[in-house]
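Okay, so here's the structure we're looking at.
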Amino acid sequence: MTDERPRTISRRALLRGAGAAGAAAAASAVGVSAQPSTTPASTTVPAGAVIQPTETVTTPVVYEQLSADEAELLGAIADHLIPEDEHGPGAVAAGAVVYIDRALGGALSASRDAYRGGLAAFERYCRSSRGAPFRELSQVDQISALIDVETGAATGAGSGFAGSSGAFFGMVRGHVLQGTFGDPYYGGNRNFIGWDLIKYPGVRTAVSPALQTALESGELEPNHRSAYDSDNFEKAIVRSVTREMRHGD
Amino acid sequence: MMKGTFGELALCIGLFLSLIGPRTVEAQPPAHRILVESSAMQSGETMPRDFTPDGRNLSPPITWSDLPEGTREIAVVCSDFGAGNPPPWVHWIIYSIPATANGLPEGLPILAETALPTELAGAIQGLNGWRRPYYRGPAPPPGTPHIYHFTVYALDEPLGLGPGLDREDLLRAMNGHVIGQGDIVPIYERFGNE
C-alpha cells in the first residue's frame, strides 16, 4: 500500500496513536443533522472513555448513518491514520468521521453495509486476537491490530471480514483522507484543518503574477474558501435515499 | 478432479520447498552449526498464537549459543519457503545485532520511536515481505500448515549496514561473511473462519 499524501507530511499512519480522540459524542443514529460551529479542542482521552463535547463545542455532532458506537470506533481508527501531532490537528478534528457519516447517506451509500460489517468484524477481530475491543487495547496493540487488518492478516482469523480485511482498511483510509483533505463543502476538512496541514492555500480561479510569486516563495496566505464559494463551480447535489438533502448539509 | 490433483501437487511442491530451507545458491552453507532455541516454541511444533495475527502478533523470543569463534555480528531472518512469489515470504529481518547478544526477547517494538533493548543496541529491523521494519507473524491460508524458519547467522565482521534492507539485500551483504548458521523451525496452521 503506498502513501499517497504529499511529502510535507511524514507518514504518521499507524506510527502514533492517542486513543479515542473524538470530535463529539453522537446523540442519535438518525436525526436532524447539525454541524459544530466551532472546532472542538483535540483531546486525548484514555481508550474506552466516553467522548463528551468539550466546552469549546457549541453544537454536538449527530450522526445520521453511523451509530454512536460505530462513529466512536471509526474516530479511534481515524485518529491513528492521521493523528494530531506536531504538524497540527488530525483527521478527527478535521471532521473526517462526520464526512464519512454524511457521505454514507449520499455518494457513498453503497458502502454502508461494508462499514457496518467491517467495523463489527474489526471489533470481533480485536476481541478474539487481543482480548478486548479496540478502544480498550493499549496503544501498541491498537496499532498492531490495525496493521494486521491493513495487510490482510486479519482475514481468516475468525473475525468474519467479508473478503480481505485489507479491502476494509483501504476503504476507511481512503475516506478518512477524503474527509480530512477534501473540500469542506462535503462535510470534512473542518475549518480548513486539512488544507492548512498540507499548506494548500486554497482554490483560486485566477492567479495574478503577484499571487504566483507569493505561492512559489511560500508566502501565499490561505484564503480558507471552499471551491463552491465561487459561482464558477456547480455544486454537486446528492440526494439521499430517505430524503432530499445536499451532500454538504 | 484435475483441479484437485493440481492442488495436491502444488501443496507437495510447497511443502518440499519449505523443508529444504534456504536455497544454497544464496548463501554458502557454513561449517559451524549454531544452536538456536526458544522458551516459547519448538521446531516441528505449532507456535503459540500470540506470535501470529490470530493473537497479539508479537515477535517470539529466540536464543542462540555455540557461536563460532570470531563472530563479530549476528543477523536473524524468518522465512516461509512455502509462500511468496517467488518464495520465500519474509516475516522478519533483524541485523547488525551485537555479537555480545545471546538472543532476542519477546515482543520487539513495532513503533519506530521505541528503542530496542540495550543488549541489542545498534540492531536494525529490516523490511519484511510487507515492506515493514518489524515482525509480522504467520497468516497461512486456512487448512494448510506452513513451516517458519527462524535462521540465525554469525558473521565474521560488522557489516556497517544501514536501515531499509530486505532479505535479498541482507543476503547479498552477508555473502562471504557467514561463519555459522542455525535455525528453529516451528509450524503454524489456520483453521478458517469460525
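The values are calculated or read from the model by the stated rules, or taken from the named source; none is laboratory data. Since this is a predicted model, take the numbers as computed values, not measurements. Heads up, the Cβs are rebuilt from the backbone with ideal geometry, glycines too, and the neighbour counts pull from every protein chain shown.
I need the full set of residues from region B:85-119 which are among the hydroxyl-bearing types (S, T, Y) and either within 14 Å of another protein chain (Cβ to nearest Cβ) or on the phi > 0 side of the Ramachandran plot (or both), in order please.
Quick first cut of region B:85-119, residues among the hydroxyl-bearing types (S, T, Y) only: B:95-96, B:100, B:114, B:118.
Scanning region B:85-119 gives B:S96, B:T114.
Tell me, yes or no, whether region B:122-137 has at least one residue that is touching a Pro at 6+ places or on another chain (Cβ under 9 Å), at pLDDT below 95 and within 13 Å of chain A (Cβ to nearest Cβ). Please lay out each step first, then the result.
Of all residues in region B:122-137, those touching a Pro at 6+ places or on another chain (Cβ under 9 Å) come to B:122-127, B:129, B:133-137.
Now drop any that are not at pLDDT below 95, which leaves none.
Looking through region B:122-137, none of the residues is touching a Pro at 6+ places or on another chain (Cβ under 9 Å), at pLDDT below 95 and within 13 Å of chain A (Cβ to nearest Cβ).
Give me the residue from region B:45-70 that is of a type in the set (D, E) and in a loop (DSSP other than H, G, I, E, B) and, out of that set, farthest from A:S159 (Cα to Cα).
Here is the first cut: in region B:45-70, the ones of a type in the set (D, E) are B:45, B:50, B:54, B:66, B:69.
Then keep just the ones that are in a loop (DSSP other than H, G, I, E, B); that gives B:45, B:54, B:66, B:69.
Details: B:E45: 25, B:D54: 10, B:D66: 43, B:E69: 49 Å.
Residue satisfying both the conditions and the ranking: B:E69.
When you look at B:I74, is it without any contact (Cβ under 8 Å) to a residue 60 or more places away in the chain and either hydrophobic (A, V, I, L, M, F, W, C) or surrounded by 23 or more Cβ atoms within 10 Å (Cβ to Cβ) (or both), yes or no?
Answer is no for this residue.
Within region B:102-144, which residues are outside any loop (DSSP other than H, G, I, E, B), surrounded by fewer than 15 Cβ atoms within 10 Å (Cβ to Cβ) and not hydroxyl-bearing (S, T, Y)?
We begin by selecting, within region B:102-144, every residue outside any loop (DSSP other than H, G, I, E, B); these are B:103-104, B:118-120, B:124-125.
Of the ones still in play, those that are also surrounded by fewer than 15 Cβ atoms within 10 Å (Cβ to Cβ) are B:118-119.
Answer for region B:102-144, where residues must be outside any loop (DSSP other than H, G, I, E, B), surrounded by fewer than 15 Cβ atoms within 10 Å (Cβ to Cβ) and not hydroxyl-bearing (S, T, Y): just B:E119.
Run down A:F169, A:F134, A:F161, A:F181 and say which single residue is out of contact with any strand residue (DSSP E or B) (no Cβ under 8 Å at 6 or more places or on another chain), aromatic (F, W, Y) and at the interface with chain B (Cβ under 9 Å from one of its Cβ atoms).
Working: A:F169 fails: at the interface with chain B (Cβ under 9 Å from one of its Cβ atoms); A:F134 fails: at the interface with chain B (Cβ under 9 Å from one of its Cβ atoms); A:F181 fails: at the interface with chain B (Cβ under 9 Å from one of its Cβ atoms).
Among A:F169, A:F134, A:F161, A:F181, only A:F161 is out of contact with any strand residue (DSSP E or B) (no Cβ under 8 Å at 6 or more places or on another chain), aromatic (F, W, Y) and at the interface with chain B (Cβ under 9 Å from one of its Cβ atoms).
In region A:101-188, which helices (runs of 4 or more DSSP H) lie fully inside it and hold 1 or more residues that are within 17 Å of the chain's Cα centre (by Cα) and either within 23 Å of A:K235 (Cα to Cα) or free of Cβ contacts under 8 Å to residues at least 60 places away in the same chain (or both)?
Numbers: elements: A:112-130, A:139-150, A:165-181.
Hits in region A:101-188: A:112-130, A:165-181.
Do the conditions hold for B:G164, that is, is it assigned to a loop (DSSP other than H, G, I, E, B), touching a Pro at 6+ places or on another chain (Cβ under 8 Å) and within 14 Å of chain A (Cβ to nearest Cβ)?
Details: assigned to a loop (DSSP other than H, G, I, E, B): yes; touching a Pro at 6+ places or on another chain (Cβ under 8 Å): yes; within 14 Å of chain A (Cβ to nearest Cβ): yes.
So B:G164 fits the description; yes.
Just one of the numbered conditions (1) on the phi > 0 side of the Ramachandran plot; (2) under 12 Å from the mean Cα position of the chain (by Cα) is not true of A:A71; which one?
All conditions are met except number (1).
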